[in-house]
Amino acid sequence: MNEQNIYLSEKQIQKRIQELGETITQDMKGKDLVCIGILKGSIIFMADLIRHIQLPLSIDFMAASSYGDAMKSSGVVKINMDLAHPIEGKDVLIIEDIVDTGLTLDYLLKHLKMRKPKSLTLCSLLLKPSKLKKPIQVDYLGFSIDDRFVIGYGLDHAEKFRNLPYLAYVEEEDSENQKEKK
């Protein structure tokens, strides 16, 4: 990945995460907070974010996918791993890396609401408003971005590049070059 493809720098991301953590801390005071990370993409964002939430909280994880190795959502949501603990009566903050079409989040929100949490809010690092197929209420948003395929800071392309400390965009030709190298 070359530097000309950097979309959001590490410094920009960290500054915004600190702001989100401070806001969530204020909004969630006195609540029984459970942060649920949607794996795998949210792991880095979640780890950094919860360090800025200055409240007692617990964490849990779910894994869902609609991409596979493709650069476009298939629209078919698959839950690969469910929660380890009940959320009934809890104040739940879902932490997601990106809201793209909204199809995965719409499915997960409906699924989680059936478990009767006291409240259910969503924090996403990224939102692509031009791609939304389902209206999704993002309560805490890092960045609204253009319709580009981005990698880094937890987001992947064919399970690679999650470890980049910044976000970069991938052009279609970059993707084809990666496939040829396999």
Scoring only Lys, Arg, Asp and Glu (+1, +1, -1, -1) among other residues with Cβ under 9 Å from the Cβ of Ile151 yields +1
With all protein chains present and a 1.4 Å probe, how do Thr121, Thr23 order by accessible area, largest first? Thr23, Thr121
Size of charge dipole - the chain - debye, nearest 20, with Cβ of Lys, Arg +1 and Asp, Glu -1, no other charges: 600
The chain: relative contact order as a whole-number percent, Cα under 8 Å and 6+ apart: 23
Between the modelled labels at Lys110 and Gln12 (7 Å from Cα along Cα→Cβ) the distance in nm is 3.5
Rounded to the nearest 5, the percent of antiparallel DSSP beta bridges in the chain equals 30
Cβ-based charge dipole, the chain, positive-most Cα from Ile145, Leu132, Val34: Val34
In nanometres, the difference between 0.36 nm per residue of separation and the alpha-carbon distance of Gln54 and Lys78 is 5.3 nm
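Write down the accessible area per residue of the chain in Å², having rolled a 1.4 Å probe over the full set of protein chains.
53
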Distance in nm between Ala63 and His85 label points, each 7 Å along Cα→Cβ, equals 2.1
Under 5 Å between amide hydrogens, which residues at least 5 positions from Gly142 or on another chain qualify, with H placed 1.01 Å from N in the peptide plane? Ser124, Leu125, Leu126
Please compute the net charge surrounding Asn163, taking Lys and Arg as +1 and Asp and Glu as -1 over other residues with Cβ under 14 Å from its Cβ. -2
Please report the spacing between the Cα centers of the range 10-27 and the range 39-65 in Å, no decimals. 13
Added length on full extension, which subtracts the Cα-Cα distance from 0.36 nm per residue, Ala158 to Lys131: 7.7 nm
Please state the shape class of the range 1-40: rounded when a/c is under 1.5, otherwise prolate if a/b exceeds b/c and oblate if not, all from the C-alpha gyration tensor. oblate
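The values are calculated or read from the model by the stated rules, or taken from the named source; none is laboratory data. Predicted, not measured: the structure shown is a model, and the values here were computed from it. Every residue, glycine as well, gets a Cβ built from its backbone with ideal geometry; the counts of neighbours run over all protein chains shown. Each accessible area value is taken on the protein alone, full model and side chains, heavy atoms only, with ligands, DNA and RNA left out. Shrake-Rupley method; radii C 1.70, N 1.55, O 1.52, S 1.80 Å.
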